[in-house]
Number of protein chains: 2
Amino acid sequence: MAQFINTKEALVTEAIDGLLRTASGRLARLDAYPHIKVVVREDWDKCKVALVSGGGSGHEPAHVGFIGKGMLTAAVCGDVFASPSVDAVLAGILAVSGPAGCLLIVKNYTGDRLNFGLAAERARTYGIKVSMVIVDDDVALPDLPQARGVAGTLFVHKIAGALAESGADLDTVCAAAKRVIKNVASIGMSLDTCTVPGSPREDRIAAGKAELGLGIHGESGVELVDFSTALDSMYVVLDRLRPYAGNGPKVALLNNLGGTTQLEMAVLLEELAKSDVIDDIQYLVGPAPMMTSLDMRGFSVSILPVNNEELALLQSPVAMSDWPGCKMLTMPGIHPIPDGLTPIKPIPSADPKTAAFVAQCCDIFLKAETDLNALDAQSGDGDTGSTLAGAARALKDAIDRLPLADLTQLYRAIGLELSQTMGGSSGVLLAIFFSAVGDAASSGMSNVEALKAGLARVQEVGGARPGDRTMIDALTPALDALPDSLAAAATAARAGAEHTAQIVKAKAGRASYISEDRLSGYNDPGAEAVALLFEGLSKHLAV
Amino acid sequence: MAQFINTKEALVTEAIDGLLRTASGRLARLDAYPHIKVVVREDWDKCKVALVSGGGSGHEPAHVGFIGKGMLTAAVCGDVFASPSVDAVLAGILAVSGPAGCLLIVKNYTGDRLNFGLAAERARTYGIKVSMVIVDDDVALPDLPQARGVAGTLFVHKIAGALAESGADLDTVCAAAKRVIKNVASIGMSLDTCTVPGSPREDRIAAGKAELGLGIHGESGVELVDFSTALDSMYVVLDRLRPYAGNGPKVALLNNLGGTTQLEMAVLLEELAKSDVIDDIQYLVGPAPMMTSLDMRGFSVSILPVNNEELALLQSPVAMSDWPGCKMLTMPGIHPIPDGLTPIKPIPSADPKTAAFVAQCCDIFLKAETDLNALDAQSGDGDTGSTLAGAARALKDAIDRLPLADLTQLYRAIGLELSQTMGGSSGVLLAIFFSAVGDAASSGMSNVEALKAGLARVQEVGGARPGDRTMIDALTPALDALPDSLAAAATAARAGAEHTAQIVKAKAGRASYISEDRLSGYNDPGAEAVALLFEGLSKHLAV
């Protein structure tokens, strides 16, 4: 599978340089590319215990993303899934270690143990105080002699980092790290393998299955389990962690292994929070990608029983945006829905003249149903006539319920009626039109001004402009001419509608997706409807 | 492709509830599930202009992730890629709008325009001041009549949000939003489509190709282009944005469309920063997933020319961890590599007795080469003898360069020599052993104590314990017996080595991957080597 890289060889160095460009001077790297890839804090005080971590790349944001005040001092980066060399680790140690010494935080993989271990020995020959802890939080195989280090490492980074930042000495920081390592347990589940740059992708997980207990280097999980839902997945994972959870308050870390969507991670969080498999999970780190395995579509959960001191260290603020914080799990806050969702029913009032006018408008659309459908069939799905006729029928049925004696309320009521009875975009647009006309009328505008204000709102929301081959091409000239006379408006609407037959490049509405030759010679059905309306009214009122 | 969800129908409501559980009381939702999915700020002061955004889900962290002080006041969430209803938008407006009014920030999709537009009309009938802006930043098709709203929307959220938080009135906030919309331009590129929950995945992008100018709902890009590298991809994208970039300082927003790894995003950032296609990109938002399209393996770049006021608004801090900040693009900071990477060469010194002892040890291993290889072939790749003999040869050759007269320096020098000449884990472990013995000796320990300290370090780094079927099973009893006599040590080492033949379940080292019946009856080759060493020395020195 293609990836946005240049070469496999330059991948990690280019990525580090990219990240350093937005580090605002907080971070720097050592000048020893490509073999030594070490990122260090710029604002580092060697009177404090330095924390050096790292390992193979492909686990981003680990480890560079966690360098900064209150977490790591330096990260030693190998190539993707490959341990950094002894020299690289030694360079990292030498770059940041002062009188307070250095703690190496190493995930339990043979290459990392050996290379960090030998680098530590070399550093000691220079008189540097170096301690090393090895994280082995993976509980995938309970009797595995050498459990792997996975996302639980983040707890070590954060707790040891906050302690070191506070000025604690090496023994204290190391002891705290060891306590976390002793207590933390993690396990992961994935629906797919990861894509290692330069290597063919392995499709080893069958549909309907998931791997449980996987490492973070694309190695197979220890077990292939049936996959059904987020609920079941979280149950299985928590069930495996339960024997290690102990009593008392716990923090869970919900890690995205890289390719899981944020929607899925949020659903998994919901299942974790609702679950009673493990008691007393009071706090959560995540959900976020923290210790990833490239693009793996999976997640892991780490559980750490904590005392008050550890909790405070976990919750102390840091500047790195990749650390999602440690937050208390609470019930979702729920507010009642606000009043006003059910529109106020207009108070009916009588006005025979207005009632007749509304009925006349409706009759015009009822009569035009077939013709408008035929016209619409040229450029769309042939239902403009039926849509308008349906709305007209509903409006006629509702006439007695309308506030006919109050024009402002009447406009709003028609808008409401149309939004409830007329489907599709046109129903919403007409509802917006009448609502906006009512608003404008209530502010004291003349009838024509109010109609124009409604038209402006329809253009704003719908995005159509004159010349776009829509009903606006008839309505705009009609409203411009209306102050002269209804007859003038009808003439202008007709001219506008006829002009749409010449517009072959529609720029808005559904016709914008239709080929030009299918449009030529046919009026836009919306514009035609407007022309028919004004012509009909003009004829009727003139009689 | 399977996903960590329960049902498609409950996906968005469960995800929202999950997120609310870690919102520390900052956020709440309205009590109108499942049809109305509205998340609001808890700490909201209605004297300020409310910012309401939203649309279909599947773009996480947009929009819920950007609710909070200095950005959005509420988000109205539809189902995946589906516009929320008019009622839902109205509920959102009513829940957060006070005397200062409300700005709706809508991405340019028909459903969103209409539903937000009609909701605005309805809200206005209640006397609420509502303005609406429509973001259309996608420049994929320069003559597209209705450009889509994509990741540039984030600039509107942040700038309008910071202004509203500062107490600006609705007209000012709206004008600022409109200026951003007028100036911002975005375009995306993807290597794969996205997986819509409940729908079959469409594999429409051939190998070697990428889609350019795609929307955020899985719709096809406007163009299929050749894909080669991150460099070329960034060039194509910036080239399309150049006509809209104007003069003066600019901010780029580098958005992960969901499924791109952090390594790739960092490489793309590096290419963006190095590129001279667009002048004067001084600041960067990202790289981060901000406006995603589920798990799409792609990215987008948005460019906004800014004035000083806008820059300050973009850079003002917010609490939401999903907003990655707006950072100045700088050159990567580079430090010289620290002194000490090249180990100090020991000063040779003569001591005939020590020289003879070292040579004797080497000869023992040279003599045992074939036998140890044969033994190793039972459980490994048959090279233990060759590995040790190779190291022995190198050490013999180096005898004249060793600091033979200074035991502390000698141990360290042997460690260094072994780490440089002996491959594999065993070379690193022996180097660690001798280095640690040297360290211990330098602190004044006796020879036996120093050797034991070295053994302890090897156990710490290598992870093996007595009983794990390694050389430790011979070395531990040998060192325990050594204060008595060399002969006693040899006897103990032999007993330890013989005992390994009974250990059929190896717990460390390569033999832990070997089936039990292949191990039974054969001594561990490492333990055997230790026994041979002590036996040889005992015999020789006794003569």
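The values are calculated or read from the model by the stated rules, or taken from the named source; none is laboratory data. None of the values given here were measured: they were computed from a predicted structure. Don't worry about glycine lacking a Cβ; one is built from the backbone with ideal geometry, like all the others, and counts go over all protein chains shown. With ligands, DNA and RNA removed, areas are computed over all heavy atoms of the protein, side chains included. Shrake-Rupley method; radii C 1.70, N 1.55, O 1.52, S 1.80 Å.
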Between the Cα axis of helix B:525-542 and the main Cα principal axis of chain B, the angle (0 to 90°, nearest 10) is 30
Computed from every Cα-Cα pair in segment B:105-250, P(r) in 5 Å bins starting at 0 and rounded to whole percents is 2, 9, 15, 17, 18, 14, 11, 8, 5, 2, 1, 0
Nearest 10, in degrees from 0 to 90: the angle of helix A:407-421 to the longest Cα principal axis of chain A is 60
In whole percents, the bins of 20 Å from zero upward hold the Cα-Cα pairs of segment B:11-328 as 35, 58, 6
Charge dipole of segment B:11-328 built from unit charges on the beta carbon (Lys, Arg +1; Asp, Glu -1), centred at mean Cα; most positive-end Cα among B:ILE216, B:GLY246, B:LEU103 is B:LEU103
Here the correct list, in nm and shortest first, of distances from B:SER220 to the same site in the other copies, label points 7 Å along Cα→Cβ, is 4.0
Ignoring ligands and nucleic acids, B:ASP171 exposes an accessible area, probe 1.4 Å, in Å² to the nearest 10, of 120
Helix-only [θ] at 222 nm, chain A, -39500 (n - 2.57) per DSSP H run of 4+, per residue, nearest 500, equals -14000 deg cm²/dmol
Out of A:PHE227, A:ALA487, A:LEU313 - ranked by how far each Cα lies towards the positive end of the dipole of chain A, with unit charges on the beta-carbon of charged residues - the top one is A:LEU313
Computed from every Cα-Cα pair in segment A:215-276, P(r) in 10 Å bins starting at 0 and rounded to whole percents is 17, 51, 30, 2
With R₀ set to 30 angstrom, the calculated FRET efficiency between the beta-carbons of A:SER520 and A:SER425, to the nearest 0.05, is 0.80
Ordered by number, the trypsin sites (Lys or Arg not before Pro) in segment A:203-249 that occupy a DSSP loop and have at most 13 other Cβ atoms within 10 Å are A:ARG204
The percentage of the accessible area of segment B:1-126 (probe 1.4 Å, all protein chains present) made up of carbon and sulfur atoms, to the nearest whole number, is 52
Chain A: relative contact order from alpha carbon pairs under 8 Å, six or more residues apart, as a whole percent, is 9
Using a 1.4 Å probe on heavy atoms of the protein chains only, the accessible area for A:MET320 in Å², nearest 10, reads 10
Once amide hydrogens are built 1.01 Å from N within the peptide plane, the residues lying 5 or more places from A:LEU51 or on another chain with amide H under 5 Å from its amide H are A:THR73, A:ALA74, A:LEU103
In debye to the nearest 20, the charge dipole size for the protein assembly as shown, taken about the Cα centre with +1 at each Lys and Arg Cβ and -1 at each Asp and Glu Cβ, equals 1540
Expressed in angstrom and rounded, the centroid-to-centroid distance over alpha carbons for segment B:214-292 and segment A:521-543 is 50
To the nearest 0.05, the calculated FRET efficiency linking B:MET331 and B:LYS209 through their beta-carbon distance, R0 being 22 Å, is 0.05
Whole-percent tail of the Cα-Cα distance distribution for segment A:120-164, cut at 16 Å, equals 56
Copies of B:GLY246 compared via label points 7 Å along Cα→Cβ give distances in nm, shortest first, of 5.8
Hull surface over four for the Cα convex hull of chain A, reported in nm², is 34.0
To the nearest 20 debye, segment A:352-542 has a Cα-centred charge dipole, built from +1 on Lys and Arg Cβ and -1 on Asp and Glu Cβ, of 200
Among A:GLN146, A:SER435, A:GLY258, the residue whose Cα sits farthest towards the positive end of the charge dipole of the protein assembly as shown, when +1 is placed on the Cβ of each Lys and Arg and -1 on the Cβ of each Asp and Glu, is A:SER435
Percent relative contact order for segment A:352-542, counting Cα pairs under 8 Å at least six residues apart, stands at 20
Measure of exposure for A:THR260: accessible area at 1.4 Å probe, Å² rounded to 10, is 10
Restricting to lysines and to Cα separations under 18 Å from B:LYS158, and discarding same-chain partners fewer than 8 apart, the set is B:LYS48, B:LYS69, B:LYS107, B:LYS178, B:LYS182, B:LYS250, B:LYS327
Rh (Kirkwood, all Cα-Cα pairs) for the protein assembly as shown, Å, reads 32.8
Per the 1/(1 + (r/R0)^6) rule, R0 = 41 Å and r from the Cβ atoms of A:SER446 and B:VAL222, FRET efficiency to 0.05 is 0.35
Given a 1.4 Å probe, the accessible area of the protein assembly as shown per residue, as a whole number of Å², is 37
For segment B:388-404, in residue order, the Karplus 3J(HN,Hα) values (coefficients 6.51, -1.76, 1.60; θ = phi - 60°; whole Hz; Gly and Pro = x) are 5, 5, x, 5, 5, 4, 4, 5, 4, 4, 8, 3, 5, 8, 8, x, 5
With a 1.4 Å probe and ligands and nucleic acids left out, the total accessible area lost when B pairs with A, in Å² to the nearest 100, equals 9900
Excluding residues fewer than 8 positions from A:LYS396 in its own chain, the lysines with Cα under 24 Å of it are A:LYS345, A:LYS353, A:LYS367, A:LYS539
Taking the alpha-carbon centre of each part, the distance from segment B:316-366 to segment A:396-440 in Å is 77
Computed about the Cα centre, the charge dipole of chain B from +1 Lys/Arg and -1 Asp/Glu charges at the Cβ has a magnitude in debye, to the nearest 20, of 1120
